[in-house]
Amino acid sequence: MTGVRVSRLLVDKKGRANGALFVDTEGRTRRIKADVVIMAAHAIGTARLLLKSTSHAWPDGLANSSGQIGRNLMMHPLSRMVGFFDEPMCSWQGHWGQSIYSLEFAETRADNDFVRGSKWNLSPTGGPLTAALYPLDSVQPIGKNLHERVDKWLGRSALWGMTGEDLPHPDNHLTLDKDQLDADGDGLPRLAYKTTENSKRMLEFMSKRARESLLEAGAYEVAKQTLAPEAGWHALGTCRMGDDPLNSVVDRWNCCHDIPNLLIVDGSVFPTSSCVNPAATIAAVAARAANHLISHRQEY
């Protein structure tokens with residue numbers, strides 16, 4: 001059924017998930033029953049729905065005996081370096097995404113003052129609007145400086161984006177806002193997130209290496225965009241996977257420790273973020289969970 005909004009997950013007297021309440025396209029609250037409930041509402045939506053599915057048995061949110069739902073939010077901190085070149089490179093062509101990527105700095109190195117690493121991706125730099133609006137070195141040009149920026153950017157630039165592996169931290173979390181409510185009268189998600197010192201050191205290192213790379217490639221100037229404002233689209237980790245029910249929400253088969261027939265198959269189960277785009281991993285983990293569910297159906 002499409003166009004509906006789930007408002008609550010439901011459990012029976014035995015503590016097993018048995019369906020959900022949802023609001024249909026005409027605004028009516030309806031109920032759907034299920035023997036197994038599978039959630040895939042993203043790290044924000046899944047955690048939020050569990051937190052607002054409270055009851056006498058679950059005052060802090062459904063399946064939240066660990067208190068970990070909403071905790072360990074990870075956001076893939078990002079830094080970018082743009083190199084400007086004399087020769088035309090046709091860098092206005094192509095999709096806004098990686099044309100080339102490198103995992104050379106993806107792993108922990110003993111001589112660094114941080115752990116884990118970043119994926120580098122080389123991207124086209126877009127057209128005149130991107131050149132005009134893209135903030136570099138905390139400067140947004142206007143007037144004559146704006147024309148000069150577009151002139152040197154358009155077709156003669158290259159961009160390294162460095163996506164850092166965000167490590168889980170309990171203070172980075174999602175809660176329900178008591179003052180900002182949705183149409184159901186429930187709190188909207190409120191995010192508390194601070195880039196860790198490990199990530200800051202990591203991105204500073206990556207920025208220096210990217211600058212060196214662009215200069216060696218022939219760039220006459222390199223500019224920096226630190227902690228890009230559009231970063232954070234890879235929200236992960238709010239219902240983390242683990243073997244210990246005291247500090248995790250789901251087990252290795254994506255089943256909630258507290259409610260085994262309630263499964264979560266999105267990026268919220270990631271115990272760490274890695275430094276790569278998560279979609280393929282999410283799909284693989286979901287397929288693995290589905291195969292296990294089918295082959296062990298009698299246990300659910």
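Mind ranking 45-52, 167-174, 127-134 by how tightly packed they are, going by the mean number of other C-beta atoms within 10 angstrom, highest first? If you can, show how the numbers build up before the last one.
Values: 45-52: 23.4, 167-174: 18.0, 127-134: 15.6.
Order by mean packing, descending: 45-52, 167-174, 127-134.
Along the positive direction of the dipole of the chain (beta-carbon charges: Lys, Arg +1; Asp, Glu -1; about the Cα centre), which of 273, 78, 150 reaches farthest?
Of 273, 78, 150, it is 273.
Taking only DSSP H segments of four or more residues, each worth -39500 (n - 2.57), what value at 222 nm results for the chain once the sum is divided by all its residues, to the nearest 500 deg cm²/dmol? Provide the component values of the computation, followed by the final result.
Working: 5 runs with 65 residues, N = 300.
Computed mean residue ellipticity for the chain: -7000 deg cm²/dmol.
For residue 96 and residue 148, what is the calculated FRET efficiency with R₀ set at 22 Å and r taken between the beta-carbons, to the nearest 0.05? Each step should come with its number before you reach the end.
On the way: r = 23 Å, r/R0 = 1.05.
Taking R0 as 22 Å, the efficiency between residue 96 and residue 148 is 0.45.
Anything in the chain that counts as a DSSP H helix reaching 20 Å or more along its axis (C-alpha) with Kyte-Doolittle mean of at least -0.5? List them, would you? Could you put the intermediate results ahead of the total?
Values: long enough: 197-216 (29 Å, -1.07); 279-295 (24 Å, 1.10).
The qualifying helices are 279-295.
Using the alpha-carbon centroid of each, what span in Å lies between the range 276-300 and the range 51-70?
The range 276-300 and the range 51-70 have Cα centres spaced 24 Å from each other.
Throughout, read-outs are computed from the coordinates displayed, never taken from laboratory work. What you see is a predicted model, and the numbers here were worked out from it, not measured in a lab. Note: ideal-geometry Cβ built from the backbone for every residue, glycine included; neighbour counts use all protein chains shown.
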